[in-house]
1. Tell me, which helices (runs of 4 or more DSSP H) wholly within the range 47-137 include 2 or more residues that are touching a strand residue (DSSP E or B) at 6+ places or on another chain (Cβ under 8 Å)?
2. Looking at the range 23-31, is at least one residue of a type in the set (Phe, Trp, Tyr), modelled with pLDDT under 95 and more than 23 Å from ARG191 (Cβ to Cβ)?
3. State which residue pairs qualify: first residue in contact (Cβ under 8 Å) with a residue 40 or more places away in the chain and inside the range 129-153, second residue in a loop (DSSP other than H, G, I, E, B) and not small (Gly, Ala, Ser) in any location, beta carbons under 7 Å apart, and separation of 6 or more residues or different chains.
4. Consider GLY204 carefully, then state whether it is part of a loop (DSSP other than H, G, I, E, B), in contact with a strand residue (DSSP E or B) (Cβ under 9 Å, 6 or more places away or on another chain) and modelled with pLDDT of 95 or more.
5. Does ALA129 qualify as being within 20 Å of the chain's Cα centre (by Cα), within 16 Å of MET15 (Cβ to Cβ) and hydrophobic (A, V, I, L, M, F, W, C)?
6. Please list, ordered by first then second residue, the pairs with beta carbon atoms under 6 Å, 6 or more apart or interchain, first in the range 85-105 and in contact (Cβ under 8 Å) with a residue 24 or more places away in the chain and over 15 Å from ALA215 (Cβ atoms), second in a loop (DSSP other than H, G, I, E, B) and of a type in the set (S, T, N, Q).
7. List the residue pairs whose Cβ atoms are under 6 Å apart, where the first residue sits in the range 33-53 and is within 11 Å of SER64 (Cα to Cα), the second is in a helix (DSSP H, G or I), and the two are 6 or more positions apart or on different chains.
Amino acid sequence: MSSQTHLHDLKFRMMTIDLLRMAKERYTYRELAQHTNLPVTVLSRYVKGHVLPTTKRAKTIWNSLEKVVSLENEFRSRITFDESGYFDNTSIICNISLLSQGAQHALSKFAGRRITKVMTAAVDGIPLATMIAEAFGVNLVLAKNTKEVGIPDFIEESYIPSNSAVRMVLYIPKKSLKRGDSVLIVDDVIRSGETQKALMKIVGKAKAEVAGIYALVGVGENWREGIPTPSDCPCEVVLTLPISSN
């Protein structure tokens, strides 16, 4: 087994533990034992991190739990709405187990595609993008709304968020992208798609290409029409929420 194959194998075993821990938040050990056909004592050792399952057993656990633990439903159950219809996804973007599952989901959706960089706009998308970059084994590109002292050259793009009268500007260090890079754009939420379009333009200015767009939550479907992605460039979200009338 090559070192890279061994690393991917280890990642999968660890992600299986994250899935098991997420399932444990909703099910008892006895119920999980029924779903996985494994003893309660063994499941407890996995959840507590005392031991990792073998690859063969991890696949068995993953296949069993995937039928009862829906990432979309997990996200939906954790999002809360205020009286005006605006939502709070803090319990998702701060939950390491959920973000790990989101990274695994992204890995499955973009498996086989050439991805050399993962890119996001600061700040809420950073934890997810970091975990996805780690899952793919590539570097992370952060687009910020300020220029940092000490960096000589930037690529920038301005945009106007929906329902806003303020022009925003995103900057990345010029050396963080190179010609020929294949970039996966990541965010926690896609609302209007304006941020994603700005990131795509930055990628284009670097003479790189967009491999796809991934987010945990999408608000409505209209943003898909506004993002000029090629037909072979998938846009994936885990959960789609209705557009608030407020």
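The values are calculated or read from the model by the stated rules, or taken from the named source; none is laboratory data. For clarity, every value in this text was computed on a predicted model and none was experimentally measured. For neighbour counting, all protein chains shown are included, and Cβ atoms are generated from backbone atoms with ideal geometry for every residue, glycine included.
1. Here the list reads 71-78, 90-93, 96-109, 126-136.
2. Scanning the range 23-31, I find at least one residue that is of a type in the set (Phe, Trp, Tyr), modelled with pLDDT under 95 and more than 23 Å from ARG191 (Cβ to Cβ), so the answer is yes.
3. Within 7 Å, the pairs are PHE136/ILE115; VAL141/LEU177.
4. On the way: part of a loop (DSSP other than H, G, I, E, B): no; in contact with a strand residue (DSSP E or B) (Cβ under 9 Å, 6 or more places away or on another chain): yes; modelled with pLDDT of 95 or more: yes.
So GLY204 does not fit the description; no.
5. no
6. From residues that are in contact (Cβ under 8 Å) with a residue 24 or more places away in the chain and over 15 Å from ALA215 (Cβ atoms), the pairs are GLY85/SER244; GLY85/ASN246.
7. What qualifies is ALA33/VAL40; HIS35/SER64; THR36/ILE61; THR36/SER64.
For every residue, the table says whether it meets (1) of a type in the set (D, E, K, R); (2) surrounded by 13 or more Cβ atoms within 10 Å (Cβ to Cβ); (3) farther than 15 Å from SER100 by Cβ; (4) not assigned by TED's automatic domain parsing to the domain that holds GLY102.
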position	(1), (2), (3), (4)
THR16	no, yes, no, yes
LEU20	no, yes, no, yes
LYS24	yes, yes, no, yes
TYR27	no, yes, yes, yes
PRO39	no, no, yes, yes
VAL42	no, yes, yes, yes
TYR46	no, yes, no, yes
SER64	no, yes, yes, yes
